[in-house]
Amino acid sequence: MTARVACLSPFSEQTVRDLVDSRHPVEVVLVPDPPAQEAVLEATHLAHLVIADQRHKHRIDRRVLENMRNCLLIQAASVGFDTVDHRAAAELGIPVANCAGYNREAVADWTVLAMLALVRRGGWADRQMRQEGGWWSQQELLGHELGSLSVGIIGLGNVGGTVARRLTGFGSRILYADPDPSREFPGAERIDLDELLGTADVVTVHVPLDVETRGLIGREAFARMKPGAIFINASRGPVVDEAALVHALDLGHLAGAGLDVFETEPLAADSPLRKFDRVFLSPHFAGTTVEARQRLREMIATNLNRVLDGEAPFNIVNQVAVRS
Ligand SMILES: NC(=O)c1ccc[n+]([C@@H]2O[C@H](COP(=O)([O-])OP(=O)(O)OC[C@H]3O[C@@H](n4cnc5c(N)ncnc54)[C@H](O)[C@@H]3O)[C@@H](O)[C@H]2O)c1
């Protein structure tokens, strides 16, 4: 049988072909850049395997899912799978898998980068030095050592746990909140979310975006944070109420924020977040490194080939078994 693979990610036909073992004949259907929801509907209609959109733009909603006739697996080309209606997929018996953990090291590196840039005012000092004659007194740039601070990690999964591992080297006090009782890290203290918000000098969020976490960090959460706290988000934009974040920064309640993800991406040219000196911004690239990209392709390839070989794929996120 020739397997039809619909790819919603910006991969070339050859890249998709290279993911599948040559033992399996495949037909590859690519989808134009978003927005192209009708093309998504058409491409996925008869597909056996669907690679979801790495850019988190093309959505696999109920309408797309109900139109699928042959789908054996929807493979997210990412950790987050919030652009796939995974509950509807479960109702329809369509398994959804992600690439759990493939970029944990990359996102943890970025998170520490953001922490250091903020506690030592690294980004700001660099920008000022580029202005003519830029030079500031040590007093104005006086920062903190990361090891002297308490860092609160919300979500101690693959990324949060890897951030904890890095922070151990700095000597920071590590607090975390996570509803999963199996999540732990030596030396890290589990506390409830409200206590974490009120205790940590740096709060960093690493939860998936889902119905329970949309808007998790809003006005109330920011108000609970210590005056002068630093807030970091490399999870998904809608986990944070951006207007509430801007408000907390405007008030001067937060000393700074590090943001890789936003409610709307790309971030609007006139977003108020761009005006704050003490906000460290990046274009949703925390998880993107040469090494992570290689692991991503290996994980996608493994799952596509396992399904074509009649084996169960790894990292199913909606508890649906694959039909053979
Ligand atoms: N910025 C990027 O480039 C980038 C890259 C990778 C992942 N991400 C995002 O980061 C998220 C986390 O990644 P991961 O690999 O660590 O995922 P993961 O699934 O390994 O860990 C998520 C953790 O969050 C916990 N959690 C869920 N709800 C929670 C809540 N309400 N409060 C506290 N903890 C909660 C879970 O129990 C789990 O331990 C992903 O879902 C993805 O959306 C972003």
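All of the numbers you see were taken from the coordinates with simple rules; none came from a lab. Bear in mind the structure is a predicted one, so any value in this text is a computation, not a measurement. Virtual Cβ from ideal backbone geometry, glycine too; neighbours counted across all protein chains shown.
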Per-selection Kirkwood Rh - region 104-281 (Cα, Å, 1 d.p.): 16.4
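Filter the chymotrypsin sites (Phe, Trp or Tyr not before Pro) in region 45-147 down to the DSSP loop ones having no more than 12 other Cβ atoms within 10 Å, then list what survives. Working shown, then result.
Working: sites: PHE81, TYR102, TRP110, TRP124, TRP135, TRP136; in loops: PHE81, TYR102, TRP135, TRP136.
Loop-located and lightly packed - TRP135, TRP136.
Just tell me the longest site-free run in the chain, where the sites are GluC sites (Glu not before Pro) in a DSSP loop having at most 15 other beta-carbon atoms within 10 Å. Intermediate results must be reported in sequence, preceding the final value.
On the way: sites that count: GLU132, GLU140, GLU145, GLU184, GLU212, GLU311.
Result for the longest clean stretch: 1-131.
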Helix-only mean residue ellipticity at 222 nm for the chain, each DSSP H run of n ≥ 4 adding -39500 (n - 2.57), per residue, nearest 500: -9500 deg cm²/dmol
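Tally Lys and Arg at +1 and Asp and Glu at -1 over the other residues with C-beta under 13 Å from the C-beta of ALA6: what net charge comes out?
Summing Lys and Arg as +1 and Asp and Glu as -1 gives -2.
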Rounded to whole Å, give me the distance from the Cα center of region 27-91 to that of region 153-215. 31
Normalised contact order of region 130-174, rounded percent, pairs of Cα under 8 Å and 6 or more residues apart: 44
Quick one: longest stretch of the chain between exposed loop trypsin sites (Lys or Arg not before Pro), exposed meaning at most 11 other C-beta atoms within 10 Å and loop per DSSP? 131-324
What number, in percent, do you get for the relative contact order of the chain if the mean sequence gap of Cα pairs under 8 Å and at least 6 apart is divided by its residue count? 18
Average Cα contact separation per residue, region 133-289, under 8 Å, 6 or more apart, as relative contact order %: 17
Running Debye on region 40-102 with equal point scatterers at the Cα sites and no solvent, what base-10 log of I(q)/I(0) appears at q = 0.22 Å⁻¹? -0.81
In whole Å, what are the extents of the chain along the principal axes defined by its C-alpha atoms, from largest to smallest? 70, 47, 32
